[in-house]
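Notes follow once the structure below has been shown.
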Amino acid sequence: MRIDYKKDFPIFQKKINGNTIVYLDNAATTHKPRKVIESIEEYNKNYNGNPHRGAHYLSMEATKVYEDSRKKVAEFIGAKNENEIVFTRNATESLNFLAYSYGLKNLKKGDEILLSITNHHSNIVPWQMVARKTGAKLVYLTSDENGQLIKEDIDNKINENTKLISISHVNNIFGTIHPVEYIIERAKLFSSTVIIDGAQSVPHLKTDVKNLDADFIVFSGHKMLASMGIGVLYGKEENLHRLDPFLFGGDMIEYVDLYDTTYDEIPNKFEAGTQNVEGALSLMVAIEYIENIGMDKIQSLEKELLSYALAKLEDKKFLKLYGVKDLNYRTGIIPFNVEDVHPHDVATILDNYNIAIRAGHHCAQPFMKHMGLNSSCRASLYFYNTFEDIDRFVEALGKVRGYLNYES
Ligand code: PMP
């Protein structure tokens, strides 16, 4: 028997035209359990203040909430301590921070930045800027038709010229899990710095940064039950010490003179300006909720749903399903197209049945082009989805072609 997690999520009680929502756009953003929503209200009713600055009660309470949240994040991903956690707005900002603070400072003409063709735009575009400004060269790992990286290609492209590797752990279009452990191992042979984009992995797979041993990991709170506007940059302490700030201003300084400034210690020196305390709090409470279930359980709940869905979809002649067959190499993302029907029409028709999926290029145009696709549909699961969600999705999908007068 599956536990009914949806009862903890107020949005799933909402009805549109008398029916609940089947939410299958979790790779874009997830929903919030009541505990997260209530914690934000509680905070604003009782503790709101500008952290780190005041000697008064509210400021000190806000500081405690913010710093407790940092500790929780550190614990959750197995960081050495909370100094290794920098709060940002999202994964995109974390990657931009690294592009400016690490990329521009450390790379030069002739160096290679290794990306993957499967990367999200936010892990491509900042590096294009770095390459333009430093003269470093962009090199891309390629993938097979299932979105999987190729061992020989990895072996060839990580070499003595590779100074930086920035790659997603899980691809956001096909849900393919990339062999980041192998990539990191190989990178060490050449002392290349490795950044892992964990936006699609940290919410779905157990992450232990000590075991993984990447230099930096980035992710977003809103894809793991927390608010939008809070993101994380994890960096090994020794790496963060070597970085310059990207944003300058209040709350990141030690002493300011008219013509010079000394900066605060890590991680404060990277967090200029008033921070998103309620966002950090929402992430702490979201992590507590997730930990209560357990990451292993979350992974197995998603796998169960994925295999149930794929078994129902496999024999549908009008569907083109993408992605690797072996479910050990993918998370709960179902990429597909419906024959003759544009993905945007598929998404719009499904929306008539209160079913939310994503259609388009998924902020991964180079990968889409590599796959020969202009556009595709993506249904993405989280642990709170149910077998009934899948049944409603499959049933509605069966009606899409008929809607446009094609034979079903
Ligand atoms: N990387 C990947 C793999 C993603 O899926 C996303 C979000 N779709 C991002 C980065 C960017 O996340 P955000 O928009 O929260 O910065």
Exercise. State the extension gain, in nm to one decimal, for the chain segment bounded by L138 and E254, taking 0.36 nm per residue of separation less the distance between their alpha-carbons.
Key: 38.0 nm
Quiz item: Excluding ligands and nucleic acids, what accessible area in Å² is computed for L104 using a 1.4 Å probe, to the nearest 10?
Solution: 60
Exercise. Report the label-to-label distance for K151 and E395 in nanometres (one decimal), using points 7 Å from each Cα along the Cα→Cβ vector.
Key: 4.6
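From largest accessible area down, sort S300, S376; use a 1.4 Å probe on the protein chains. Don't skip to the answer; put the middle values down first.
Values: S300 60, S376 0 Å².
Listed by decreasing accessible area, they come as S300, S376.
For the range 45-174, take the convex hull of the Cα atoms, compute a quarter of its surface area, and give me that in nm², please. Each step should come with its number before you reach the end.
Numbers: hull surface 44.1 nm².
Taking the Cα atoms of the range 45-174, their convex hull projects to 11.0 nm² on average.
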Exercise. For the chain, state what percent of all Cα-Cα pairs lands in each successive 10 Å bin, counting from 0 Å until the bin that includes the largest distance.
Key: 5, 22, 30, 25, 14, 4, 1, 0
Exercise. Could you state how much accessible area T29 has, in square angstrom rounded to the nearest 10, with a 1.4 Å probe and all protein chains kept in place?
Key: 30
Quiz item: Between I11 and K320, how many nm apart are label points set 7 Å from Cα along the C-beta direction?
Solution: 3.0
Quiz prompt | Cα extents of the range 313-388 along the three principal axes, largest first (Å) | solution = 34, 33, 27
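Express the accessible area of the range 37-291 per residue in Å², computed with a 1.4 Å probe while the remaining protein chains stay in the model. Kindly include the intermediate steps, with their values, before the conclusion.
Numbers: 10520 Å² over 255 residues.
Accessible area per residue: 41 Å².
With a 1.4 Å probe and all protein chains left in place, how much of the accessible area of the chain comes from carbon and sulfur atoms, in whole percent? Can you show the working numbers first?
On the way: 8840 of 17970 Å².
It is 49 percent, rounded to a whole number.
Please state the charge dipole magnitude for the range 196-294, taken about the Cα centre, from unit charges on C-beta atoms (+1 on K and R, -1 on D and E), reported in debye and rounded to the nearest 20.
With only Lys, Arg, Asp and Glu charged at Cβ, the dipole is about 500 debye.
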Self-check item: For the chain, with +1 on Lys and Arg beta carbons and -1 on Asp and Glu, the positive-most of I158, T30, I195 along the dipole
Solution: T30
Practice problem: Mind giving me the nanometre distance, one decimal, between the label points for Q299 and L104, set 7 Å out from Cα along Cα→Cβ? | Solution: 3.8
Self-check item: Student exercise, the chain dipole from Lys, Arg, Asp, Glu Cβ charges, in Debye to nearest 20
Solution: 740
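Which of the chymotrypsin sites (Phe, Trp or Tyr not before Pro) found in the range 140-197 are loop residues per DSSP with 14 or fewer other Cβ atoms within 10 Å of their Cβ? Before the final figure, lay out the partial values.
Working: sites: Y140, F174, Y182, F190; in loops: F174, F190.
The qualifying sites are F190.
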Quiz item: On a 0 to 90 degree scale, rounded to 10, what angle separates helix 57-77 from the longest Cα axis of the chain?
Solution: 60
Practice problem: Write out the GluC sites (Glu not before Pro) in the range 140-243 meeting two conditions: DSSP loop, and at most 10 other Cβ atoms within 10 Å of their Cβ. | Solution: E160
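The values are calculated or read from the model by the stated rules, or taken from the named source; none is laboratory data. Quick caveat: nothing in here was measured; it's all calculated off a predicted structure. So basically every Cβ, Gly included, is an ideal-geometry build from the backbone, and we count neighbours across all protein chains shown. Surface areas here come from the heavy atoms of the whole protein model, side chains and all, with no ligands, DNA or RNA. Shrake-Rupley method; radii C 1.70, N 1.55, O 1.52, S 1.80 Å.
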